[in-house]
Structure formats: C-alpha cells, structure tokens
Amino acid sequence: MPIDAFCDESGITKSASHCLISAAVAGTRAWATFDEEWNQVLCSFQLPYFHALEFFARKPDGSLKGNYRKLSEDDARSLARRLIEVFEARVIGLVAVVETAAFWQLDEVQRAFLTGGRIKGSEVTYEDGSIGITTSKRLASGKPNAAYFLLFQYVIHEVIAQTEKLASGTTVSLTFDEQHQFEPWAQDLSRLIRADWEYGDRIQSISFGKKTERSPLQIADLIAYTTHRHVERRADSREESVFQRLQKRLSYRYFDETQLRKVLRPQFIV
C-alpha cells in the first residue's frame, strides 16, 4: 500500500529560537477518506480551508478574524475538536525540532554536512575504532545557513523508516508546503537522497503544494503551528490545548546541542 506524507515547516527565520518540520502520514486510501471528512467539517462551518495562524489570531476585542470572523469561541473549539478527531482516526504524525542557537554554534562545514553537504577529508581513528574526518572539504554544498534542511532529511528518513516497519518495500510520496525559498535545493537534495540512501528507492516522489488546496497539508500546518508555539513557550491556552491533544499521535525528535553533536560524531571530532 503506497504511503503519503504531507509536511509543513515553522520557524525558518533567523530570529526564531526553534525551527521545525511536521509530517502527517497515512496510506493513500486513508488520505482519500480523510480529505472527504476534513472538508465536510470545514463546509459545516462555511470555511474554504483551514490555516492555523489565521484561526488562532484574535482582534483586540477577542473575536476571531478573517475567514473565522463569524465564529464564536464555542464554534472555534468545536471546529478544532472535530478536525483533530478526523486526524486521530486515520493519520499519524511526527515532528522534528532544532534549536537554532545550537545549530549556529557549529562551524560552517559542520552545518553544511548536516544540511546535505557531502564531504571528504583526512581520516582519524577514534579509541573505539570508529573512523572520523578531521579537516573536511565539501563535495556538495549543503545549505549551512538553513537548519530547515537538517529537518527535511530527518523527516524523510523517519517516514521511510516507519513505513518499512509496517510493510517492507512500500513506496513513499512526500509533499511539502510550497516553499519558494528552499525548493531548488530541496529538489537537488532529494535526488542525492534517492541515490545515496539505503532505502532511497522507496521514495516515489518529493513535491511541493499549496496548503489552501490540499487538506493533508492543513493538518500538517496545525501540527507545525501549535508545536512551534509550544516549544517557543508562547502558546496561549487555546493553542496549548490543541497541541496537547495532537501530541498523543506524534513521534517527536528534538535536536539540541548534544543531539547535533551525536549526529556529527561519526564524521567530525566534536
């Protein structure tokens, strides 16, 4: 059974203390049912699509804004609850988060490696017999100024790994939210992943789409938004309540300085 993963990002600016990518994962047939049920909920509230940032925004008087301006707070709670129930019935999620300060503490070559750069250099043997690289030269450039691509690779790896546990040999298609800033390197990196990774041939496609047009990207958006508000400790009670409900079906990976150096350890003296 083919698997489809839909992904969204949050915190990609330098000013953000955390950067993350979320993924919502299900079989192709499950997504068809999800899409029908998700849109039925939206139609019952006369909404064309769901966008978390707009949904949680409030006017100075506390009322909702934009497409949600006609909803009461009770309506908003009901909408969030029903959308989450659609997610819980058919989809699993995962989130990868990196502390941007920890990422920027690394040197440029290390950041390039973490974001898809391929390296060569002088080998060194550690006391435990493992091999690392001291002075490194990049073969592929990576994107040392974009922590997004560390998470981009991790999410792809995890989706494939989880899928392989369920059914060996199953193909995976990944759709990321439209991202003009990063899409060119993402496409180049996806080709390297397919060629280099052990299960790279499991990737059927990696593409980008508009969340306003794809309901699976809208649940990925809700996961990304509420998780980012939570990790930055800026979530209000409404956002935190949704996050706590969603996280029951999420796997979670957090990259702080210690975790980043563990990733680098096989290749660098850190």
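Here is a yes/no grid of residues against (1) in contact with a Pro (Cβ under 7 Å, 6 or more places away or on another chain); (2) without any contact (Cβ under 8 Å) to a residue 60 or more places away in the chain; (3) farther than 19 Å from LYS210 by Cβ:
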position: SER10; (1), (2), (3): no, no, no
position: THR13; (1), (2), (3): no, yes, yes
position: ALA16; (1), (2), (3): no, no, yes
position: CYS19; (1), (2), (3): no, no, yes
position: VAL25; (1), (2), (3): no, no, yes
position: TRP31; (1), (2), (3): yes, no, no
position: TRP38; (1), (2), (3): no, no, no
position: PHE45; (1), (2), (3): no, yes, yes
Inset, instruction - Looking only at segment 184-198, decide whether some residue is β-branched (Val, Ile, Thr) and under 17 Å from LEU53 (Cβ atoms). - result: no
Legend entry - Unmet criterion (only one of (1) among the small types (Gly, Ala, Ser); (2) surrounded by 14 or more Cβ atoms within 10 Å (Cβ to Cβ); (3) farther than 23 Å from SER251 by Cβ; (4) out of contact with any Lys or Arg (no Cβ under 8 Å at 6 or more places or on another chain)) for GLY142: (4)
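Does segment 62-69 include one or more residues that are among the charged types (D, E, K, R) and under 26 Å from the mean Cα position of the chain (by Cα)?
Scanning segment 62-69, I find no residue that is among the charged types (D, E, K, R) and under 26 Å from the mean Cα position of the chain (by Cα), so the answer is no.
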Legend entry - strands (runs of 3 or more DSSP E) completely within segment 113-210 that count 3 or more residues being modelled with pLDDT under 90 and polar (S, T, N, Q): 131-138
Legend entry - Failed item, numbered, when LEU79 is tested on (1) in contact with a Gly (Cβ under 8 Å, 6 or more places away or on another chain); (2) part of a helix (DSSP H, G or I): (1)
Legend entry - Selection status of THR212, of a type outside the set (A, V, I, L, M) and within 18 Å of CYS19 (Cβ to Cβ): no
Legend entry - Among (1) closer than 16 Å to SER22 by Cβ; (2) of a type in the set (Gly, Ala, Ser); (3) within 17 Å of the chain's Cα centre (by Cα) - the single one SER207 does not satisfy: (1)
Inset, instruction - Scan segment 50-63 for residues that are in a loop (DSSP other than H, G, I, E, B) and either hydrophobic (A, V, I, L, M, F, W, C) or surrounded by fewer than 19 Cβ atoms within 10 Å (Cβ to Cβ) (or both) and report the count. - result: 7
Inset, instruction - Give the residue that is modelled with the lowest pLDDT, with candidates limited to residues of segment 1-28 that are β-branched (Val, Ile, Thr), under 14 Å from HIS228 (Cα atoms) and not in a strand (DSSP E or B). - result: THR13
Inset, instruction - Using the structure shown, decide if LEU47 is assigned to a loop (DSSP other than H, G, I, E, B) and surrounded by 14 or more Cβ atoms within 10 Å (Cβ to Cβ). - result: yes
Inset, instruction - Would you be able to say whether some residue in segment 64-71 is more than 16 Å from ILE223 (Cα to Cα), part of a helix (DSSP H, G or I), at pLDDT 95 or above and touching a helix residue (DSSP H, G or I) at 6+ places or on another chain (Cβ under 6 Å)? - result: yes
Inset, instruction - Evaluate the following for VAL86: is it among the aliphatic types (A, V, I, L, M), buried (at least 18 other Cβ atoms within 10 Å of the Cβ), within 30 Å of THR28 (Cα to Cα) and out of contact with any strand residue (DSSP E or B) (no Cβ under 6 Å at 6 or more places or on another chain)? - result: yes
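The values are calculated or read from the model by the stated rules, or taken from the named source; none is laboratory data. Just so we're clear, the structure is a prediction, and the values are computed from it rather than from any experiment. Glycine gets a Cβ as well: all are built from the backbone with ideal geometry, and neighbour counts include every protein chain shown.
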